[in-house]
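Chemist: Dropping the structure in here first, questions after.
The values are calculated or read from the model by the stated rules, or taken from the named source; none is laboratory data. Computed from a prediction, not measured in an experiment: that's the story for all the values here. Every residue, glycine as well, gets a Cβ built from its backbone with ideal geometry; the counts of neighbours run over all protein chains shown.
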Amino acid sequence: MPWKIRCANCNTEKVLNISFDISSQKTIYIYCNVCKRNTFNEILGYYE
């Protein structure tokens, strides 16, 4: 399931492919390739 997310620090948007539903969450804490560290990312929605 592809999800569109945005880094809270640098506002970089990317697609996150994971196999479970994260629609009940507002943010997810993962590695940002631009910031080069783990950051909070806003979940923008399901990407079709």
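Chemist: Across the stretch 3-25, what is the total count of residues that are out of contact with any Asp or Glu (no Cβ under 7 Å at 6 or more places or on another chain), modelled with pLDDT of 95 or more and either of a type in the set (Gly, Ala, Ser) or not in a strand (DSSP E or B) (or both)?
Modeler: Counting residues in the stretch 3-25 that are out of contact with any Asp or Glu (no Cβ under 7 Å at 6 or more places or on another chain), modelled with pLDDT of 95 or more and either of a type in the set (Gly, Ala, Ser) or not in a strand (DSSP E or B) (or both) gives 4.
Chemist: Considering only residues that are surrounded by 10 or more Cβ atoms within 10 Å (Cβ to Cβ) and under 20 Å from Cys35 (Cβ atoms), which ones fall in the stretch 1-14? Talk me through it step by step, then tell me what you get.
Modeler: Initially, the stretch 1-14 is screened for residues surrounded by 10 or more Cβ atoms within 10 Å (Cβ to Cβ), giving 1-10, 12-14.
If the condition is that a residue be surrounded by 10 or more Cβ atoms within 10 Å (Cβ to Cβ) and under 20 Å from Cys35 (Cβ atoms), then Trp3, Lys4, Ile5, Arg6, Cys7, Ala8, Asn9, Cys10, Thr12, Glu13, Lys14 are the ones that fit.
Chemist: What residue, among those in the stretch 1-29 that are touching a residue at least 12 places away in the same chain (Cβ under 8 Å) and of a type in the set (S, T, N, Q), is nearest to Gly45 (Cα to Cα)?
Modeler: Only one residue tops the list, namely Ser23.
Chemist: Still on this structure, please answer the following. Give the stretch 26-48 a look and list any residue that's surrounded by 12 or more Cβ atoms within 10 Å (Cβ to Cβ) and not in a strand (DSSP E or B), or say none.
Modeler: Val34, Cys35, Tyr47
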